[in-house]
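Q: Quick one: the structure is below, and I'll ask about it shortly.
The values are calculated or read from the model by the stated rules, or taken from the named source; none is laboratory data. Note that the coordinates shown come from a computational prediction; the quantities given were computed from them, not determined experimentally. Heads up, the Cβs are rebuilt from the backbone with ideal geometry, glycines too, and the neighbour counts pull from every protein chain shown.
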């Protein structure tokens, strides 16, 4: 019977340093070779275990950080790795305007639904991802794209928590309540208003009915994923006493919670802790 103690596979310059018992053990049992060395690319291709130099390690870390930075720049997402008993969490950001079938101007910050939908599908399929934290600061945007993202978030089997920072207006409302639990910072705001459209209408009555159906879809989604009733939400949408140039209601943090749209006033620490708790309860 062989006892394997701590040893070095190679020297600082990469020369082979194999203890004799290990070589002998590998000769007797090739599966040991696969168990110990299968992750070492140098050994699998050349038969040598070569220690990664400090420069190589730093370069690998730099490449990892660059990939993460690119992911944040391009997709607004980041995976929060498991550490000290914490769970693997996927961070999603929904900011600016929700871009739909037509691209917004180049000067406008936007969340592209063609980026988020595949990422949400990937999160559902990824066994390592245990929860999703969604940060929102959006003015609204395309209704169909916003509802598509909200439905995807609501249908995830992983625990989800949303946090409204700054604002989550218009179609940002369904996005905020699509998570299993929602937070809003004290200075955060939400604007609920009727569905709007631009351009010339052909068939005003028919167009109005279609817009009314779309508005009902939004109100129904919000009421089904929060504590506010659809009737009360429509009252807030059609309020003509608050906004100067529009019909609707602006709710600040405490008001949004009091009306039952958002679950709790809080910040990133409360949202993160709540998500960790939800993941633990699901285990």
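Q: Quick one: how many residues across the stretch 242-255 are touching a strand residue (DSSP E or B) at 6+ places or on another chain (Cβ under 9 Å) and either in a helix (DSSP H, G or I) or free of Cβ contacts under 8 Å to residues at least 24 places away in the same chain (or both)? Before the answer, list the steps.
A: We begin by selecting, within the stretch 242-255, every residue touching a strand residue (DSSP E or B) at 6+ places or on another chain (Cβ under 9 Å); these are 242-243, 246, 248-255.
If we keep only those that are either in a helix (DSSP H, G or I) or free of Cβ contacts under 8 Å to residues at least 24 places away in the same chain (or both) too, we end up with 242, 253-255.
Looking only at that region, the number is 4.
Q: How many of the residues making up the stretch 256-269 are without any contact (Cβ under 8 Å) to a residue 24 or more places away in the chain and surrounded by 16 or more Cβ atoms within 10 Å (Cβ to Cβ)?
A: Initially, the stretch 256-269 is screened for residues without any contact (Cβ under 8 Å) to a residue 24 or more places away in the chain, giving 258, 269.
Next, from what is left, pick out any that are surrounded by 16 or more Cβ atoms within 10 Å (Cβ to Cβ): none.
Residues that pass the stated criteria total 0.
Q: I need a count of the residues in the stretch 109-142 that are in a strand (DSSP E or B) and over 14 Å from residue 171 (Cβ atoms). Walk me through how you get there before you give the answer.
A: Of the residues in the stretch 109-142, the ones in a strand (DSSP E or B) are 110-112, 131-141.
From what is left, the residues that are over 14 Å from residue 171 (Cβ atoms) are 112, 131-135.
The total comes to 6.
Q: Give the number of residues within the stretch 174-212 that are in a helix (DSSP H, G or I), more than 17 Å from residue 150 (Cβ to Cβ) and either modelled with pLDDT of 85 or more or not assigned by TED's automatic domain parsing to the domain that holds residue 158 (or both).
A: Quick first cut of the stretch 174-212, residues in a helix (DSSP H, G or I) only: 174-177, 204-212.
Cutting the leftovers down to more than 17 Å from residue 150 (Cβ to Cβ) gives us 204-212.
If we keep only those that are either modelled with pLDDT of 85 or more or not assigned by TED's automatic domain parsing to the domain that holds residue 158 (or both) as well, we get none.
The total comes to 0.
Q: Give me the residue from the stretch 106-123 that is touching a residue at least 24 places away in the same chain (Cβ under 8 Å) and more than 16 Å from residue 156 (Cβ to Cβ) and, out of that set, surrounded by the fewest Cβ atoms within 10 Å (Cβ to Cβ).
A: Quick first cut of the stretch 106-123, residues touching a residue at least 24 places away in the same chain (Cβ under 8 Å) only: 110-111, 113, 115-117, 119-121, 123.
Pick out the ones that are also more than 16 Å from residue 156 (Cβ to Cβ) and you get 110-111, 115.
On the way: 110: 19, 111: 25, 115: 15.
Looking at residues that are touching a residue at least 24 places away in the same chain (Cβ under 8 Å) and more than 16 Å from residue 156 (Cβ to Cβ), I get 115.
Q: Now for a different question. Looking at the stretch 94-105, which of the residues that are touching a helix residue (DSSP H, G or I) at 6+ places or on another chain (Cβ under 8 Å) and outside any loop (DSSP other than H, G, I, E, B) is surrounded by the fewest Cβ atoms within 10 Å (Cβ to Cβ)? First the steps, then the outcome.
A: Applying the first criterion (touching a helix residue (DSSP H, G or I) at 6+ places or on another chain (Cβ under 8 Å)) to the stretch 94-105 yields 94, 98-101.
Imposing the further condition that a residue be outside any loop (DSSP other than H, G, I, E, B) reduces the set to 94, 98-99.
Values: 94: 25, 98: 29, 99: 20.
Selected residue: 99.
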